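Report on one structure; see the data block that follows.
Only the coordinates and a few stated rules stand behind these numbers; no lab work does. Being a predicted model, the structure only gives us computed values, none of them experimental. Here the Cβ is made from the backbone with ideal geometry for all residues, glycine too, and neighbour counts use every protein chain on show.
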């Protein structure tokens, strides 16, 4: 009797264990996954590219008169203001020319006055035939010639005075002075010797190129004034400035299939410097009122993109339409998923219909 009972108990335990094994085979434990809730919002679509900072205005200072450089009134790298004195060229030669032209002018004025008085004196005599008409007309011609000489001397005097003013060279724009190219005591030649460059750094321009497929976005942004850019350092670690799109090149580069654009930034803190290479993030456009998900939530299947939608503790494959991506976020056309829970970073072993334990993704 005891043996039969013992055998029966062993049989019951065996069947129970077999049943458990069979159940485990058809109902695997839930897979632990990270999850998030689909958000509704706007997504700016950014394009990253390399750019170069440029001065908004640059001038090379070249003397307009020749002479010995008498004085250098600035230092290399100095911030200069428009109209500030930069250089002085020895004015003695120009001053002497002004004095000579003034003397010539006074002499011509005296001669013109004499010739005019001659005409006035001959006028009544001509009516009485005391002088011939030829003599009278000759006097008129000499008076007119004297008047023309006065006009020429006045023009020469103005030119000499201009040259005298050009011996003092002032800054045509405000900006940062470059490295001085010459020192006082040297001979400078008009329209030849380069003395200095001045570059305006407030505001600054940043020039960059984008694939020609963005030409439409660039033109729309320029027309509406909505083109925004962020300027990062070369390693893309720090934002240096923000600016707006100001111009697009008039042609597409056929060799590289790119279009060149230019942004303007205030640069009030002098963060950017002419010639500096920077990283540019251009906001091509903004997708409004779309479903926004983490980029790692989007899966790619044979039939197109999809996400794992968690419904009643199970992962269900839900097709979506890809609209655009900004770094680690993706916009999809799936408003029915807004507020719903989806899987982020789906494990490779996850398949549709599997039971999951969802943990909030951080």
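Before rounding to the nearest 500, sum -39500 (n - 2.57) across all DSSP H runs of length at least 4 in the chain and divide by the residue total; then give [θ] at 222 nm in deg cm²/dmol.
Mean residue ellipticity at 222 nm (helix-derived): -10000 deg cm²/dmol.
Of the residues 277, 205, 130, which exhibits the maximal mean-square fluctuation in a Gaussian network model of the chain defined by a 10 Å Cα contact cut-off?
For the chain, modelled as a Gaussian network with Cα springs under 10 Å, the answer is 130.
What's the angle, to the nearest 10 degrees (0 to 90), between helix 133-165's Cα axis and the longest principal axis of the chain?
Taking Cα atoms only, the helix is inclined about 40 degrees.
How would the stretch 215-263 be classified by its alpha-carbon gyration tensor: rounded, prolate or oblate, with rounded meaning a/c under 1.5 and the a/b versus b/c comparison settling the rest?
oblate
What is the helix-to-structure angle for 92-127, meaning the angle in degrees between its Cα long axis and the longest Cα principal axis of the chain, kept from 0 to 90 and rounded to the nearest 10?
Relative to the chain, helix 92-127 is tipped by roughly 50 degrees.
Could you grab the relative contact order for the stretch 138-237? Cα pairs under 8 Å, six or more apart, rounded to a whole percent.
Relative contact order, the stretch 138-237: 20 percent.
Per residue and in cubic angstrom, what volume does the convex hull of the Cα atoms of the stretch 98-255 have?
Dividing the Cα hull volume of the stretch 98-255 by its residue count gives 296 Å³.
With contacts defined as alpha carbon pairs under 8 Å and 6 or more residues apart, what's the relative contact order of the chain in percent?
28 percent
For the stretch 91-166, take the alpha-carbon Rg, divide it by the Kirkwood Rh, and send me Rg/Rh.
Over the Cα atoms of the stretch 91-166, Rg/Rh equals 1.23.
Quick one: the Cα spread of the stretch 181-255 along its three principal axes, in angstroms, biggest first?
Principal axes ranked by extent give 56, 32, 26 Å for the Cα atoms.
Under a GNM of the chain (C-alpha, springs under 10 Å), which listed residue has the highest mean-square fluctuation: 209, 256, 56?
Maximum fluctuation in the GNM of the chain, among the listed residues, is at 256.
Going 7 Å from the Cα of residue 64 in the Cα-to-Cβ direction, what parts of the stretch 169-209 have a backbone nitrogen less than 20 Å from that spot?
169-175, 188-199
For residue 333 and residue 159, calculate 0.36 nm times their separation in residues minus their Cα-Cα distance, and state this gained length in nm to one decimal.
Additional length available on full extension: 55.3 nm.
Just 40, 154, 220 to compare: in a GNM of the chain, with alpha carbon springs under 10 Å, which one fluctuates most?
154
Please find the FRET efficiency linking residue 110 to residue 173, where r is the Cβ-Cβ separation and R0 is fixed at 41 Å, and quote it to the nearest 0.05.
Step by step, r from the Cβ atoms, then E = 0.35.
Compute the angle between helix 2-26 and the longest alpha-carbon principal axis of the chain, please, reported from 0 to 90 degrees and rounded to the nearest 10.
Tilt of helix 2-26: around 20 degrees.
Take the Cα coordinates of the stretch 318-362, assign each an equal point scatterer, and use the Debye formula without solvent to give log10 I(q)/I(0) at q = 0.16, 0.17, 0.26 Å⁻¹.
-0.57, -0.65, -1.25
Starting from the exponent 0.38 and prefactor 2.2 Å, build the expected Rg for the chain from its residue count and divide its actual Cα Rg by it.
2.09
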